[in-house]
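The next block holds one structure in the form of structure tokens; read it before the comments.
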Amino acid sequence: MTIVIGAALDRSVYALRDLLAKHGVAHRWFDPADGPVPAHLLAERDISEDQLPVVILGAADLLVQPTPEQLAAALGLDLLPDGSTADVIVVGSGPGGLAAAVYAASEGLTVIALDALAPGGQAGTSSKIENYLGFPTGISGNELARRATVQAQKFGARIAAPVRAASIVRDEGVYCLHLADGRKLRSRAVVVASGAQYQRLPIEGIEAYEGRGIYYGATPMEAQLCGNAEVTVVGSGNSAGQGAIYLASVAKKVYVIFRRKSLRETMSEYLVRRLEDHPNIEIIPSTDVIALHGEGGLAGLTYRSRETGEEGHCDCRFLFLFLGANPNTGWLPKEMVCDERGFVKTGADIAPVELVKAGWSLDRMPSRYETSWPRIYAIGDVRKGSVKRVASSVGEGSVVVSDIHQALAEVAAT
Ligand SMILES: Cc1cc2nc3c(=O)[nH]c(=O)nc-3n(C[C@H](O)[C@H](O)[C@H](O)COP(=O)(O)OP(=O)(O)OC[C@H]3O[C@@H](n4cnc5c(N)ncnc54)[C@H](O)[C@@H]3O)c2cc1C
């Protein structure tokens, strides 16, 4: 059993536990603040509390203050094949990327799927997805990702994480993906499934509280931290609604703060009703969180009504932000055609003049999920015009594979 020892409000402890949870690695966690750590775990190994966090992987394996990447390497989670050129590299292993990996591998293509964090993507941060086909009582995002990962591996896909794509270049008819750690991978086709990333509150110094009271997902790991505490959720979309309901099952009180006048403008009716009926949830519309307080971790926040200008304070130590997302496209070539918000354009969304500018060199037009670079495809939330649902990302991940087959056959025929 893997053991993590370190303080609840230590951001690096959160990052290590998050990595383990997202990869489905069972672990025990000791916080010295909860009582003395058993001597055979620390004292008898000559480890003092100022060396925390530590991760114990077995009788002999001890990592002192590891980064998530070092922990992943010790667990063998980031292993990549060396040398050969894959048919497809999938960048991002959220629902879309995992679906592309499953369908591509099951149809005989050699596939490498990467993720900068862990398989699951945004869906992996959801405590319960209730509208995904086939799961009438819902399924946690982590469990869905775990099952999809096993399924992709069963068909022979290689899945590696945390492994971050840093850039991509053309290299003698194939693509060469440069990874943030300096490694390189080559493939005939690339699926961009790097999704989107939560927006922060526009408050100076917010980074200091991330992982130390501010969280961007509500899974059992975060819920464990805020048992019987007061919690604030900011946002008015479905993800905020789901998060609030889940957290209300463990927290003493959940405040839901948002800028709009009514949740009904943006949240599904079934979630709004559950929030309104929940005895532990208080809904605070037309309000902004304007300041964060606390040394070494979040201790409270100030909010202001947009209608009256009145300010209030709450001693919440836990703030969950569900504020919408921006596309993860910083690693793509700047010549690739995107819309004004950075979402990748594909197929008929790319104007002929944009194609020319991007250097499109083929006689045919891009297929439905193909970008302005031949055989680089974009699916799921990163794509302009995507529906931003688990099912739609999964659908695009399956459909794109037939386009890849066709494009690879074309290349083989020339
Ligand atoms: C809390 C929450 C609850 C939700 N609930 C629902 C729901 O109930 N039903 C529903 O249908 N939808 C739900 N959604 C929306 C749904 O999760 C997304 O639409 C879906 O996850 C998009 O999938 P994706 O594969 O396109 O991208 P993402 O899920 O965003 O995955 C992208 C992946 O790419 C990785 N990545 C990014 N950049 C790089 C890089 N440079 N190198 C390598 N990897 C990279 C990221 O780490 C990430 O894992 C929810 C979203 C959230 C946040």
**OP:** Determine whether region 90-103 contains at least one residue that is more than 7 Å from the ligand (Cβ to nearest atom) and among the β-branched types (V, I, T).
**Re:** yes
Original post:
Can you pull out the residues in region 369-398 that are assigned to a loop (DSSP other than H, G, I, E, B) and under 17 Å from A104 (Cα atoms)?
Top reply: Y369, R375, I379
Original post:
Inside region 141-252, counting only helices (runs of 4 or more DSSP H) that do not spill past its ends, which hold 2 or more residues that are surrounded by 23 or more Cβ atoms within 10 Å (Cβ to Cβ), in contact (Cβ under 8 Å) with a residue 40 or more places away in the chain and of a type in the set (D, E, K, R)?
Top reply: none
Subject >> Selection status of I89, assigned by TED's automatic domain parsing to the domain that holds S127 and out of contact with any helix residue (DSSP H, G or I) (no Cβ under 9 Å at 6 or more places or on another chain) >> reply: yes
**OP:** Give the residues of region 397-409 that are more than 8 Å from the ligand (Cβ to nearest atom) and either under 14 Å from A99 (Cβ atoms) or free of Cβ contacts under 8 Å to residues at least 40 places away in the same chain (or both), sorted by residue number.
**Re:** S398, V399, V400, V401, S402, D403, I404, Q406, A409
**OP:** Using the structure shown, decide if V256 is in a strand (DSSP E or B), surrounded by 14 or more Cβ atoms within 10 Å (Cβ to Cβ), among the β-branched types (V, I, T) and outside the structural domain of E370 (by TED's automatic domain parsing).
**Re:** yes
Original post:
Only one residue in E354, E340, E335 is part of a helix (DSSP H, G or I), away from the ligand (no atom under 16 Å from the Cβ) and either surrounded by fewer than 24 Cβ atoms within 10 Å (Cβ to Cβ) or among the basic types (K, R) (or both), so which one is that?
Top reply: E354
Subject >> Extreme residue, farthest from the ligand (Cβ to nearest atom), among residues of region 369-383 that are under 18 Å from G121 (Cβ atoms) and out of contact with any Gly (no Cβ under 8 Å at 6 or more places or on another chain) >> reply: Y377
Original post:
Are any of the residues in region 307-317 within 15 Å of the ligand (Cβ to nearest atom) and within 25 Å of Y216 (Cα to Cα)?
Top reply: no
**OP:** Residue by residue through region 91-136, note down the ones that are within 30 Å of G241 (Cβ to Cβ), in contact with a Phe, Trp or Tyr (Cβ under 7 Å, 6 or more places away or on another chain) and at pLDDT 95 or above.
**Re:** V102
**OP:** Please enumerate the residues belonging to region 105-136 that are away from the ligand (no atom under 13 Å from the Cβ) and either β-branched (V, I, T) or part of a helix (DSSP H, G or I) (or both).
**Re:** A105, S106, T110, V111
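The values are calculated or read from the model by the stated rules, or taken from the named source; none is laboratory data. Everything numeric here is computed off the predicted structure, so don't read it as measured data. Virtual Cβ from ideal backbone geometry, glycine too; neighbours counted across all protein chains shown.
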